[in-house]
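Notes follow once the structure below has been shown.
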Amino acid sequence: MSNDEIFAAAYREHYWAVSRYVARRLDGRTGEVEEVVAEVFTVAWRRRAELPHTPLPWLYGVARNCLANAVRGRGRRRRLLDRIGNDDAAHGRHLTSGPEAESPGGWVHEALARLSEKDQEVLRLTAWEELGVDELAVA
């Protein structure tokens, strides 16, 4: 099987798993989820010769790095808005949502937030992505 065929199979078999992985970490922000997943598979395409026999844990590792890049980018955009002024805030439109917008299971996210980043990721990979110990070592 060629590297292109291996990539195509990994994409077909794992696209939705990677999408769910990213969506859970971005609270379902659809546009951002699609951008991050596209970046994950762009990286996988560029590195298709390195795809392991079981690619999903490796793809989760790539997704974690792409998510970190997205978070850093969001921070840069926020700092830029702070420097130049946020038009919505200047016109009295609030960017925060009310308590009625709180998502179900918010207490789980609060509990996770109290853990270190590494511990959070281990729990997410085992509970949400159902990885075993051997797969965790790869991710």
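The values are calculated or read from the model by the stated rules, or taken from the named source; none is laboratory data. Just so it is clear, the model here is predicted, and its values are computed rather than measured. We place every Cβ from the backbone using ideal geometry, glycine too, and count neighbours over all the protein chains shown.
Per-residue answers, yes or no, for (1) within 30 Å of GLY106 (Cβ to Cβ); (2) modelled with pLDDT under 95:
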position: SER2; (1), (2): no, yes
position: TRP16; (1), (2): yes, no
position: GLU32; (1), (2): yes, yes
position: GLU35; (1), (2): yes, yes
position: VAL43; (1), (2): no, no
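Looking only at region 15-24, decide whether some residue is part of a helix (DSSP H, G or I) and more than 21 Å from THR126 (Cβ to Cβ). Within region 15-24, one or more residues are part of a helix (DSSP H, G or I) and more than 21 Å from THR126 (Cβ to Cβ).
Count of region 25-51 residues, restricted to those that are of a type outside the set (A, V, I, L, M), exposed (fewer than 15 other Cβ atoms within 10 Å of the Cβ) and assigned to a helix (DSSP H, G or I), is 6.
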